[in-house]
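For reference, the structure is listed below as structure tokens.
The values are calculated or read from the model by the stated rules, or taken from the named source; none is laboratory data. Not measured: the values here are computed from a predicted model. Here the Cβ positions follow ideal geometry from the backbone for every residue, glycine too, while neighbour counts run over all protein chains shown.
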Amino acid sequence: MTLEQVFGLYNYWVVICLMMTGFYIVIARKNMIKTVIGLNIFQTSVVLLYITMGKVTGGTAPIIPPEIAAQHAESHGHEDGHTGHDAHVDHAEHADHVSEAGYEATDAVVHHGVEAAEAAELIYSNPLPSVLMLTAIVVGIATTALALALIVRIGEDYGTVEEDEIQLINRREQPNKRAS
Amino acid sequence: MFVSLFILTLLVVTAISIARIRDLWAAVMFTGIFSFLGACWMLILDAPDVAFTEAAVGAGISTFLMLGTLALAGKKEKPTKGSPLVPLIVVGVTGAALIYGTLDMPHFGDPNSPVQTRIQPSFVEKSQPDMHGLPNVVTALLGSYRGYDTLGETAVIFTAGIAVILILRRSSTEAFGSGSTPKKGSK
């Protein structure tokens, strides 16, 4: 095992450590609320695992800078495409080389060149894991709410939310149906 | 790098203290802290959308729901009777298997990993002409390319909300018979 491997994989190991902590809480603790807390920890760790896979070294969040996005949106009508700061600079530089008559015709071409260069320089991290995990988080809170409602209901009926005590009560009340 | 390691250390410490602590109130608070630390790490990992959602849902709504449950179902956890040895062994074996599985995974931040090379450039490049310059690619993906996912997610939340209401309403009418039973304020 090399040091490079350790630095490349430490994030997975930490996430697995968190995951196993959640798993331990789920299987070792008999209190139902604690079990739901363990499930929550497990779920957050899975989310973290997916998010770490989407990271690119030197990358940035997958949000296109407003100048580039605005230029893209308005690239067909180039009369109002002068909003970006960089576009102004390029505009001035280019005016030195191009005569006044040919200026309007080349304007759109220059803009396209600028935005392509800027887009190529930026590295974006992967947006796909983010999207999948957004869905997972929201579904997770839905299941958590349902589990907690069931726990409240069980607590009202049995007077306890400890699994072993509930099993004891069940055995005492229904000795014949122990197998079911 | 160091900020990241600091947050990861705090995450592990928080998780272990949740596992050890007996007071459920404190455990719920630690869960909120855990979610918030996770959100911080997600922000470093270039996923601000997920970080916002995790901070709002994981650290906010989830903590709120659990506190509501604690108020209705009791705050103290009884000491576990059985030995923790068997769960520890199970967890250890599972963790070791998972760590063995990560050994040939692509390294952290590798731009040439299959996750990055298969589908991502097309999404970032295509979302610009497709969405008429919408800056946030995650929004474009969530709302359009994977719109059916989001629709299904909405259906799941709706179903869960109805189920929570049904479960809790039945308890207030049949078990106690009085209309003044405090209902849990979820959904």
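Before moving on, here are some points about what is shown:
- A single entry from B:Gly161, B:Gly143, B:Gly152 fulfils the requirement of being under 28 Å from A:Ile123 (Cα atoms), more than 7 Å from every other protein chain (Cβ to nearest Cβ), part of a helix (DSSP H, G or I) and not β-branched (Val, Ile, Thr): B:Gly143.
- The sole residue among B:Ala47, B:Ala73, B:Ala26, B:Ala96 that is surrounded by 20 or more Cβ atoms within 10 Å (Cβ to Cβ) and either more than 9 Å from chain A (Cβ to nearest Cβ) or farther than 25 Å from B:Asn136 by Cβ (or both) is B:Ala73.
- A:Glu156 under 22 Å from B:Thr31 (Cβ atoms), assigned by TED's automatic domain parsing to the domain that holds A:Arg29 and not hydrophobic (A, V, I, L, M, F, W, C): no
- Check on B:Gly101, in contact with a Lys or Arg (Cβ under 7 Å, 6 or more places away or on another chain) and more than 7 Å from chain A (Cβ to nearest Cβ): no
- Looking only at segment A:32-53, residues that are surrounded by fewer than 24 Cβ atoms within 10 Å (Cβ to Cβ), polar (S, T, N, Q) and touching an Asp or Glu at 6+ places or on another chain (Cβ under 9 Å) come to 1 in all.
- Any hit, segment B:117-126, residues being in a loop (DSSP other than H, G, I, E, B), closer than 30 Å to B:Met1 by Cα, facing chain A (nearest Cβ under 7 Å) and aromatic (Phe, Trp, Tyr): no
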